[in-house]
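The values are calculated or read from the model by the stated rules, or taken from the named source; none is laboratory data. Everything numeric here is computed off the predicted structure, so don't read it as measured data. Neighbour counts are summed over all protein chains in view; Cβ atoms, including those assigned to glycine, are modelled from backbone coordinates with ideal geometry.
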Amino acid sequence: MATWTWFHKLSSPPHFYRIAGRLIPWFAVPAAILIVGGIYGGLVRAPADYQQGDAFRIVYVHAPAAWLSLMCYTTMAAAAAVGLIWRIKLAHALAAATAPIGASFALVCLATGSLWGRPMWGTWWEWDARLTSQLILFFLYLGYMALRSAFDDLQRADRASAVLAIVGVVNVPIIHFSVYWWNSLHQGSTVLRKGGPAMPPSMLIPLLMCLGGFTLLYAALACIRVRGEVLVRERNAAWLRELGPR
Amino acid sequence: MDDFLHMGGYARFVWPSYGIAFAVLVWNVWSALRLHARARQRALRRIAMDQSQAAEPKSNQAPARSGEGP
């Protein structure tokens, strides 16, 4: 009951606006520390891979970007579903705020994957299951944002884009399992696999730091963006009159 | 240092990857802050306009005059 009351309170825009404002530094500072530490560990401290040499160091930006692109889409679809079912405006705001973040990291994933693929596979691009499904994810993000911008009425934009986000979520497990379901150039999971991670701690710890740092960065960015979305949506709310310096 | 920059011969793949990731990271922070700042500015302007409209007494409104050009 207490959880529900807390959730209900958090879903009120003024309350969320204040809470999110206070949370931003708590996400952003650890995110910066983890990303800088992880990149340093990955570029400087980790040994070169016995097969891929120093090219494997691309993993420290490629894997976190891939993770974020999938996590963002799942978050976006879940938020869109909550918004659609319970008509919570804040959930739609979260979905709208997440899309550009997810799209940008899907692009980083594709670009760094291509730069990694060239020396390892001998090609910049291959119409392989993992690469193609990731490209579809990027297009789903673009489609979601284009659909939103096609409506002047925010409520209609929320509803129409929510349907697209929910339908598109089917692509997320396809991306994850594509390397097992089909023959793929792409390697299987390195961290989440049977028998434990396929990396020594000197390589794994920086990767986990980057994964954690990127996730916290998303949380900070989402807080900032949702606050902006709330201000756009709450056009006539009385609480806006009490806006402080932040 | 040269060895580090050389990346075992993979420098032209490793450094552009980090460059792209860094650029997108910076863009994300910049665009999120800009989105919030603009929305906030617009909200404050709207509040100021509403307040000035509410404060304006009706008697101050100039009566419509006929026969005047644009």
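For the stretch A:166-176, name all the residues that are at pLDDT below 95 and surrounded by fewer than 16 Cβ atoms within 10 Å (Cβ to Cβ).
Passing the criteria: A:170, A:173.
Identify all residues within the stretch A:153-165 that are touching a residue at least 40 places away in the same chain (Cβ under 8 Å), aliphatic (A, V, I, L, M) and surrounded by fewer than 17 Cβ atoms within 10 Å (Cβ to Cβ); write none if there are none.
A:163
Name every residue in the stretch A:82-132 that is hydrophobic (A, V, I, L, M, F, W, C), more than 10 Å from chain B (Cβ to nearest Cβ), free of Cβ contacts under 8 Å to residues at least 12 places away in the same chain and farther than 30 Å from residue A:232 by Cα, in order of residue number.
The answer is A:124, A:125, A:127.
Condition check ((1) surrounded by 15 or more Cβ atoms within 10 Å (Cβ to Cβ); (2) outside any helix (DSSP H, G or I); (3) within 14 Å of chain B (Cβ to nearest Cβ); (4) not hydroxyl-bearing (Ser, Thr, Tyr)) across all residues:
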position: A:151; (1), (2), (3), (4): no, yes, no, yes
position: A:178; (1), (2), (3), (4): yes, no, no, no
position: A:202; (1), (2), (3), (4): no, no, no, no
position: A:212; (1), (2), (3), (4): yes, no, no, yes
position: A:226; (1), (2), (3), (4): yes, no, yes, yes
position: A:229; (1), (2), (3), (4): yes, no, yes, yes
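Are there any pairs, at least 6 apart or on different chains, whose C-beta atoms fall under 9 Å, with the first in the stretch A:208-220 and closer than 11 Å to residue A:101 by Cβ and the second among the hydroxyl-bearing types (Ser, Thr, Tyr), and if so, which?
Filtered contacts from the stretch A:208-220: A:218/A:75; A:218/A:98.
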